[in-house]
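Data first, discussion second: the structure below is written as structure tokens.
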Amino acid sequence: MTEKTATEAPRTMRRTQQERSSTTTHQLLTAARGRFAADGYTATSLDAICADAKVTKGAFYHHFKNKQQLFRAVYEREQQGLSDAIAETYSHYGDPWEALFQGMREFLVGSMEPSTQRITLIDAPGALGWETMRDIRTDCRRMMFYGLSQALGRGRFPRHEIDALTSMLYGAQCEAAMAMAHADDPDVLLEATLRHFRHLFDSIAHLPATPATEDPGRTEHAGRV
């Protein structure tokens, strides 16, 4: 074996192991999502997930500590999917207020998809707890902050006021999604929610400016948080 071949062999082996690990993780996440969406977190067994994923229990424990950790990984992937959809929708609108409204609408509509709703709104509070959910959902809140910063305009409001508005609007958005998950007629509630958010955004757009007394560069930086 040449020196080059001897050097490349371990690298090839490591790359193959990484690919196998990635494939196993993908299989487990896909199988788990299907089971969690269909049967719920509590009723789903690790045996069923491993059978669907066509992996052994030993392989499962090599990648995840327990069912809760696997559920967290599924939840994180669902949240990333929502964030990607919101960002894609936001990019299609030139008017910053319309972009913010449509991004919020994408979040609500996406959260209503039955499997996403079951995982992220119905089972996640009990399986993960609110603090963990909040930590994972930081991307959506950052996008709300960015959207508000762009819509309100540079220098018109100090960062702490935009942050306060972000907390209020993001909290209302999440609570609206949770309410729709338990509503008798979620479509009617969605339309009412969108109508009131539209009025709320119009009101915020006409707030009198309160320019920051701090370094004006911080407001510009806030939009990139």
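The values are calculated or read from the model by the stated rules, or taken from the named source; none is laboratory data. What you are looking at is a predicted structure, and each value in this text was computed from that prediction instead of being measured. Virtual Cβ from ideal backbone geometry, glycine too; neighbours counted across all protein chains shown. Please note that ligands, DNA and RNA were not included when accessible areas were found on the heavy atoms of the full protein model with its side chains. Shrake-Rupley method; radii C 1.70, N 1.55, O 1.52, S 1.80 Å.
Candidates are the residues of the stretch 27-43 that are small (G, A, S) and not in a helix (DSSP H, G or I); the one that is farthest from T120 (Cα to Cα) is A43. Taking the stretch 49-66, which residues are part of a helix (DSSP H, G or I) and touching a helix residue (DSSP H, G or I) at 6+ places or on another chain (Cβ under 6 Å)? Once the filter is applied, which keeps residues that are part of a helix (DSSP H, G or I) and touching a helix residue (DSSP H, G or I) at 6+ places or on another chain (Cβ under 6 Å), the stretch 49-66 yields I49, C50, D52, A53, K57, A59, F60, H63. On the given criteria, is R141 under 18 Å from Q80 (Cβ atoms) and surrounded by 15 or more Cβ atoms within 10 Å (Cβ to Cβ)? Judged against the criteria, R141 is a match.
Is there a residue being open to solvent by 70 Å² or more (accessible area, probe 1.4 Å), farther than 21 Å from E175 by Cα and either touching a strand residue (DSSP E or B) at 6+ places or on another chain (Cβ under 9 Å) or part of a helix (DSSP H, G or I) (or both) anywhere in the stretch 67-74? Full working, then the answer.
Filtering the stretch 67-74 for residues open to solvent by 70 Å² or more (accessible area, probe 1.4 Å) gives 68-69, 72.
This time we only want the ones that are farther than 21 Å from E175 by Cα, so: 68-69.
Those still in the list that are either touching a strand residue (DSSP E or B) at 6+ places or on another chain (Cβ under 9 Å) or part of a helix (DSSP H, G or I) (or both) too: 68-69.
There is at least one residue in the stretch 67-74 that is open to solvent by 70 Å² or more (accessible area, probe 1.4 Å), farther than 21 Å from E175 by Cα and either touching a strand residue (DSSP E or B) at 6+ places or on another chain (Cβ under 9 Å) or part of a helix (DSSP H, G or I) (or both).
Filter the stretch 25-47 for residues that are of a type outside the set (D, E, K, R) and buried (at least 16 other Cβ atoms within 10 Å of the Cβ) and give the result.
Applying the first criterion (of a type outside the set (D, E, K, R)) to the stretch 25-47 yields 25-32, 34, 36-38, 40-46.
Residues satisfying the conditions are T25, Q27, L28, L29, A31, A32, G34, F36, A37, Y41, T44, L46.
The one condition from (1) touching a residue at least 24 places away in the same chain (Cβ under 8 Å); (2) open to solvent by less than 50 Å² (accessible area, probe 1.4 Å); (3) farther than 18 Å from D135 by Cβ; (4) not small (G, A, S) that T89 does not meet is (1).
Among the listed residues G126, G147, which satisfies the condition of being open to solvent by 60 Å² or more (accessible area, probe 1.4 Å), small (G, A, S) and more than 11 Å from the chain's Cα centre (by Cα)? Reasoning before the result, please.
On the way: G147 fails: open to solvent by 60 Å² or more (accessible area, probe 1.4 Å).
The unique qualifying residue is G126.
Annotation note: of R156, R118, the sole residue that is open to solvent by 10 Å² or more (accessible area, probe 1.4 Å), outside any helix (DSSP H, G or I) and among the basic types (K, R) is R156. For F107, the criteria (1) in contact (Cβ under 8 Å) with a residue 24 or more places away in the chain; (2) under 26 Å from T23 (Cβ atoms) hold in every case but one, which is (2). For the stretch 178-207, a residue qualifies if it is outside any helix (DSSP H, G or I), open to solvent by 80 Å² or more (accessible area, probe 1.4 Å) and either among the small types (G, A, S) or within 22 Å of E98 (Cα to Cα) (or both), and exactly one does: H206.
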